[in-house]
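The next block holds one structure in the form of structure tokens; read it before the comments.
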Amino acid sequence: MAKEEIVVAFAPHGRHPVGNIWRFTAQGTDFYLKAVGRRNSLFHLSAHGPNQQHPSGHRFHLKVDQAAVTRRERSGDFLVHSVPDAGHPVTGEELAPGVFRVARIRWQRELQDEPFTEYAAYRGALPKLTDTRAGRVLQRSLDVGEAADLDVVISYDKEHWLEGEKSLEDNARLGPLRSDAGMYLTVVSYHRSGVEEPTPLELTVPSPRLGETPIPMLCIGPDDAGTMYWFVEQVTSREFLEG
């Protein structure tokens, strides 16, 4: 039976995952990417294939559930965004004709460091794997200066794997998912140097200082070229947010 969903967690110490569980779903002619955290997700990245709404091609955009944002703000959570109601589009980084990298999910190394892990741990039950849902727990810990990434690619007609055969040899592939529009979603996991491929500066927050209270934070935004979205899992301090 073809898979309709992929779920991924990052658990560098082999215990509780840190940050969010990430879910990729094929639904009709579309794909959806969202984080599943302590509460319901506030956003999703959509990759719409050709359909009645987009007959001439595809559309990639981030949308926010404003009602959910309002509820979370009223409960005291820190949330800021500038996404319009119609969503914020990205073009996709075209790697080859009909092949687009649309997102990068990154876990910063600080998430695996004590005592931050305790505050960033995902305490809910992991999604159950089924005939239509595949999953992976990323357990390899990060070296100093490294980040753990998931790169998400949408392609027409056939699946496209980043790194070619190397991603297969490294057991770094997740997917593929196929939509009713004949498009494919593939995901490849990486350990990357944060120096050689740095996180966008505007999506980084300071790590907690001595005596401050750690708190997990997810920062989201497009790259400078507006081609793909970054989702950066990291740790900051409650004092920084309150300031």
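The values are calculated or read from the model by the stated rules, or taken from the named source; none is laboratory data. The structure presented is a predicted model; accordingly, all values stated were derived computationally and were not measured. Cβ atoms come from the backbone with ideal geometry, glycine included; neighbour counts cover every protein chain shown. What goes into the accessible areas is simple: the full protein's heavy atoms, side chains included, and nothing from ligands, DNA or RNA. Shrake-Rupley method; radii C 1.70, N 1.55, O 1.52, S 1.80 Å.
Annotations
- Filter result (within 25 Å of THR91 (Cα to Cα) and open to solvent by 20 Å² or more (accessible area, probe 1.4 Å)) within the range 146-161: TYR156, ASP157, LYS158, GLU159, HIS160, TRP161
- For PRO206, the stated conditions do not hold, so it cannot be described as open to solvent by less than 70 Å² (accessible area, probe 1.4 Å), in contact with a Pro (Cβ under 7 Å, 6 or more places away or on another chain) and closer than 22 Å to PRO12 by Cβ.
- Count of the range 224-243 residues which are open to solvent by 30 Å² or more (accessible area, probe 1.4 Å) and either part of a loop (DSSP other than H, G, I, E, B) or under 27 Å from VAL99 (Cα atoms) (or both): 3
- Note on the range 170-189: residues that are open to solvent by 20 Å² or more (accessible area, probe 1.4 Å) and in contact with a helix residue (DSSP H, G or I) (Cβ under 9 Å, 6 or more places away or on another chain) amount to 2.
- Number of positions in the range 57-98 that are of a type in the set (D, E, K, R), over 13 Å from SER46 (Cβ atoms) and at pLDDT 85 or above: 2
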